[in-house]
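Down below is the structure, laid out as structure tokens.
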Amino acid sequence: MSPLFKIIVGLVSFLLGLGYLYKPNLITRINAIIREYLLNDAHIALERKKWAFFFLMIGFLFLYMGFTALDRP
């Protein structure tokens, strides 16, 4: 993993920690929104073929980028 990715994940985790300490209502509201729109079982069941195609394409893209990076000196 790149250092920039680790820094971004660390900052997001730090901000979530501060949010849980100082603004728990905001975190609860964000959790409800994510549960309603992204993790909604009815939505996932209806759109599963589109999501499957999206994740397969992303997977192939990252696999291609990874294998081509192995050939570089």
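For the range 43-73, which residues satisfy the criterion of being of a type in the set (A, V, I, L, M) and within 22 Å of residue 33 (Cα to Cα)?
44, 45, 46
Would you point out the residue of the range 1-12, among those that are at pLDDT below 85 and not hydrophobic (A, V, I, L, M, F, W, C), that is most open to solvent (accessible area, probe 1.4 Å)?
Step one: list which residues in the range 1-12 are at pLDDT below 85, which gives 1-9.
Okay, now just the ones that are also not hydrophobic (A, V, I, L, M, F, W, C), so 2-3, 6.
Working: 2: 58, 3: 95, 6: 122 Å².
Here the residue is 6.
Please tell me if residue 16 is in contact with a helix residue (DSSP H, G or I) (Cβ under 9 Å, 6 or more places away or on another chain), surrounded by 11 or more Cβ atoms within 10 Å (Cβ to Cβ) and free of Cβ contacts under 8 Å to residues at least 12 places away in the same chain.
Yes: the conditions hold for residue 16.
Taking the condition open to solvent by 80 Å² or more (accessible area, probe 1.4 Å) and over 18 Å from the mean Cα position of the chain (by Cα), does residue 21 pass?
When the stated conditions are applied, residue 21 passes them.
Just to check your reading of the model, which residue among 27, 34, 58 is part of a helix (DSSP H, G or I), touching a Phe, Trp or Tyr at 6+ places or on another chain (Cβ under 6 Å) and open to solvent by less than 100 Å² (accessible area, probe 1.4 Å)?
27
The values are calculated or read from the model by the stated rules, or taken from the named source; none is laboratory data. Every value quoted in this text rests on a predicted model; they were computed, and no experiment measured them. Reconstructed Cβ throughout: ideal geometry from the backbone, glycine too, with neighbour counts over all protein chains shown. Surface accessibility is based on the protein's heavy atoms, side chains included, excluding ligands, DNA and RNA. Shrake-Rupley method; radii C 1.70, N 1.55, O 1.52, S 1.80 Å.
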